[in-house]
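What follows is a set of notes on a single structure, which appears directly below.
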Amino acid sequence: MKIVHISAECYPVAKVGGLADVVGALPKYQNQLGADSSVIMPFYNNTFTRKHNFESVYNSKIHLGYIEYDFDILKLSTQILEFDVFFIDIPTLLYKDYVYSNDDTDRFLAFQIAALDWILTLNKKPDYIHCHDHHTGLIPFMAQESYKYSALNKIPVITTIHNAQYQGWFKYHHLYKIPDFDNNNVGLLDWNGIINPLAAAIKCAWRITTVSPSYMEELMINANGLEGLLRAENAKAVGILNGIDTEVWNPETDKYLIKNYKVSSNQSGKLANKKWLCTEFNLNPEKPLFAFIGRLVGEKGSDLFPDAFNVALRNNDISILLLGSGDPNTEERLNALKNENEGRYNNFIGYDERLSHIIYAGADFLLMPSRVEPCGLNQMYALRYGTIPIVRSIGGLKDTIIDIENDGFGFVHKEASVNDICYSIERAVNFYKAKTELKKIKKYIMQIDHSWGNSAKQYIKLYKSITTN
Ligand SMILES: Nc1ncnc2c1ncn2[C@@H]1O[C@H](COP(=O)(O)OP(=O)(O)O[C@H]2O[C@H](CO)[C@@H](O)[C@H](O)[C@H]2O)[C@@H](O)[C@H]1O
């Protein structure tokens, strides 16, 4: 079974968020199940591409409307990943030091056209094309509708929605850049008078998946304007919970940690990481450490943090550490909080992969008060590192975390609100005092199995169900 994933991100090549983690793991686990699974992604100008050597396996030109661009398909010269990655190199459009910016329409259109142009030339075509998010949302449409790709229109295309908030909207004056198709079908691209790549994918993909069953249910009610469309396409929609790459996220071998540890040595191992964090960020290692890692955007509930942290720090003897970047106003308020709470609160505004691993290991509790959380990987990483998640009951968080009161292992609150966050922190502070119970839970959560094995199987089953229809 030959599967090609098409994505803007893939760990460890280029990562902005959880999409990269999934695309960097799912193919590997599919290959372990006997599939031939690979990734097509853009060739960016980043540390990974500068550090490795690549060879060209194909070269041609694409047309984006009237403009012609040279492109190469590059492959790593040495096999260092457990799946093939094919890079689309269009120097003037894709070779940038960023993944996303305000020139995404042309960049990702060109990327998608080049991907399909190349697939068209392959002797052995993929059995399935698996697209991820709106950056690849026009592939299901073009594979089905564009005349030049008619040889591909029998290949099932699956689209996974990692986040329906972002849909890749663009105006009709770009329409001529999409390879020719029957204009009577232009409605497939449209949602509310604008070209909407995610809506086009929902209409044209053979199957739609999301990254947790609860998020799929939630999307039917609230999908940033696409809820009606998703309800209409419900028959081909399914929610499959993400896994985590337990080889990358393993406290026993994680190369970023200050000290590695396993279930039996978690206490000393976690403490060494906590002490390092506390020294680095001027916090007291004797106090329970609450942490957050992620994008500072409304979906993650990060705008609630300045007020919630203020109240929580006033009412409890705790430390808080935040790693993330995003909304400038939230960043500013968090930086102000840092100055007012020296020795009790600190943050690193930015992106730092190594620091994130040390935080998962060294924190006692991980906060995730998300308003929207399609799956959420952080809570699963936290569990694996013996850090207790405090989550809002939504999307994938609802599917993975059970409250301690219900024989579970985390703290679950109902609302994304300052009061609910603070109430959960108070519950966690009390729990932290019950040392025997705390030790037991930490050991227990480290052993919960969220590895990809099961989810990878579900995707294979889904692909097979398409051919038997
Ligand atoms: N400042 C920073 N420094 C270092 N690392 C950082 C960081 N900010 C975030 N990260 C890392 O990025 C990843 C974020 O994962 P999430 O699941 O929260 O992703 P995100 O919301 O981007 O993705 C979307 O896709 C994923 C995958 O399907 C879904 O789980 C999720 O719900 C959905 O919103 C984690 O590996 C985290 O450690």
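Residues being within 14 Å of the ligand (Cβ to nearest atom) and in a helix (DSSP H, G or I) are represented in the range 324-333 by at least one member.
With respect to (1) more than 22 Å from Tyr11 (Cα to Cα); (2) outside any helix (DSSP H, G or I), the lone exception for Gly376 is condition (1).
The one condition from (1) under 19 Å from Arg354 (Cβ atoms); (2) part of a strand (DSSP E or B); (3) open to solvent by 10 Å² or more (accessible area, probe 1.4 Å); (4) hydrophobic (A, V, I, L, M, F, W, C) that Val248 does not meet is (2).
The residue that is farthest from Ala223 (Cα to Cα), counting only those in the range 402-429 that are in contact with a His (Cβ under 8 Å, 6 or more places away or on another chain) and open to solvent by 10 Å² or more (accessible area, probe 1.4 Å), is Tyr423.
Sort out for me the strands (runs of 3 or more DSSP E) sitting completely within the range 1-91 that have 3 or more residues that are open to solvent by 60 Å² or more (accessible area, probe 1.4 Å).
On the way: elements: 2-6, 36-42, 54-64, 67-76, 85-89.
Qualifying strands (runs of 3 or more DSSP E): 54-64, 67-76.
When the range 17-54 is filtered for residues that are more than 14 Å from Gly243 (Cβ to Cβ), among the aliphatic types (A, V, I, L, M) and more than 16 Å from the ligand (Cβ to nearest atom), the ones remaining, listed by number, are Ala35, Ile40.
Working only within the range 286-313, note down all residues that are within 16 Å of the ligand (Cβ to nearest atom), open to solvent by 10 Å² or more (accessible area, probe 1.4 Å) and free of Cβ contacts under 8 Å to residues at least 60 places away in the same chain. Of everything in the range 286-313, those that are within 16 Å of the ligand (Cβ to nearest atom), open to solvent by 10 Å² or more (accessible area, probe 1.4 Å) and free of Cβ contacts under 8 Å to residues at least 60 places away in the same chain turn out to be Val297, Asp303. Scanning the range 231-242 for residues that are closer than 10 Å to Ser212 by Cα and not aliphatic (A, V, I, L, M) yields a total of 2. Against the list (1) within 14 Å of Asn347 (Cβ to Cβ); (2) open to solvent by 40 Å² or more (accessible area, probe 1.4 Å); (3) within 16 Å of the ligand (Cβ to nearest atom), the condition Asn282 fails is (3).
Scanning the range 314-323 for residues that are surrounded by fewer than 18 Cβ atoms within 10 Å (Cβ to Cβ) and within 16 Å of the ligand (Cβ to nearest atom) returns no hits. Please work out which residue is least open to solvent (accessible area, probe 1.4 Å), limiting yourself to the range 345-401 and to residues that are within 19 Å of the chain's Cα centre (by Cα) and among the acidic types (Asp, Glu). The qualifying residue least open to solvent (accessible area, probe 1.4 Å) is Glu373.
Taken as a whole, the condition of being over 25 Å from Arg333 (Cα atoms) and within 16 Å of the ligand (Cβ to nearest atom) does not apply to Ala272. A single entry from His162, His130, His135 fulfils the requirement of being within 22 Å of Phe108 (Cα to Cα) and open to solvent by less than 10 Å² (accessible area, probe 1.4 Å): His130.
In a residue-by-residue description of the range 335-342, the property of being within 14 Å of the ligand (Cβ to nearest atom) and either crowded, with 22+ Cβ neighbours inside 10 Å or hydrophobic (A, V, I, L, M, F, W, C) (or both) applies to no position.
The values are calculated or read from the model by the stated rules, or taken from the named source; none is laboratory data. No experiment lies behind these values; they were computed from the predicted model shown. As a convention, Cβ positions derive from the backbone with ideal geometry for all residues, glycine included, and neighbour counts pool all protein chains shown. These area figures cover heavy atoms from the full protein model, side chains too; ligands, DNA and RNA do not enter into them. Shrake-Rupley method; radii C 1.70, N 1.55, O 1.52, S 1.80 Å.
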